[in-house]
Amino acid sequence: SVILTVTNDQSPTCIVTSAAQTFAACPPANDDCANAVPLTVGVTVTDFPTVGTTIGGTTTTGLGTFSCQTNRNSDVWYSVVVPASGLLTIETNTVAGTLMTDSVISIFSGVCGALTEIGCSDDEGNGNFSMKALTGLTPGDTLYIGVWKWGTSPAGEFNISAYDATLANASFDDKNFTYYPNPVTDVLNLAYSKNITSVSVFNVVGQEV
């Protein structure tokens, strides 16, 4: 038999035994909280979906008592910055061709190694996928999301999205709004047909700058 040892800077050593047709999948890069993949906050679930996988994932321990489904296996991790509204929905969905049909998610505050669960979902989303709406969050805080597959169900790919419908503002008349210069270095000038009472500026990952 032939044994190949594969290493990289993001995953533990993986052993592949070709003669026996035994392939041990390398853990995903975001197998641990410390390597959580940042999510971009959209207005709807379809704005910025991120494809992830539980294939090769290990199961994080030491997270305390979960508030929903405890039958979890093979988690991966994501992070998200709370928008100015303090509202956020986290949702997982299926991906075409995947074997994964059942997810469990927990949302945590704190820092990796000292996390506190603030939300949990088993089957509240599409089919057996997960969806959790959170309110009363602190704008600018970073939350961590663990995505597990349910128990002995198959591992596979999935979509995960973070969104807040209140970020949409259908009544805003952009034809009467001007701003300059673009790009800006020190001073940004804004003008509108009505009085501007407040302005908030956010970067592409939802952080208020």
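The values are calculated or read from the model by the stated rules, or taken from the named source; none is laboratory data. The structure presented is a predicted model; accordingly, all values stated were derived computationally and were not measured. Ligands, DNA and RNA are stripped out before the accessible areas are found, and what is left, the full protein with its side chains, is counted by its heavy atoms. Shrake-Rupley method; radii C 1.70, N 1.55, O 1.52, S 1.80 Å.
General remarks:
- Taking θ as phi - 60° and the Karplus parameters 6.51, -1.76 and 1.60, the scalar couplings of region 57-72 work out to x, 9, 9, 5, 10, x, 9, x, 8, 7, 8, 9, 2, 9, 7, 10 Hz in sequence order, x denoting glycine and proline.
- Of all accessible heavy-atom area on region 83-122, the percent that carbon and sulfur account for (1.4 Å): 59
- Here the convex hull built on the C-alpha positions of region 98-164 has a volume of 101 cubic angstrom per residue.
- Spatial extent of region 57-147: Rg and Dmax, with the Cα atoms as the point set, Å: 13.0, 37
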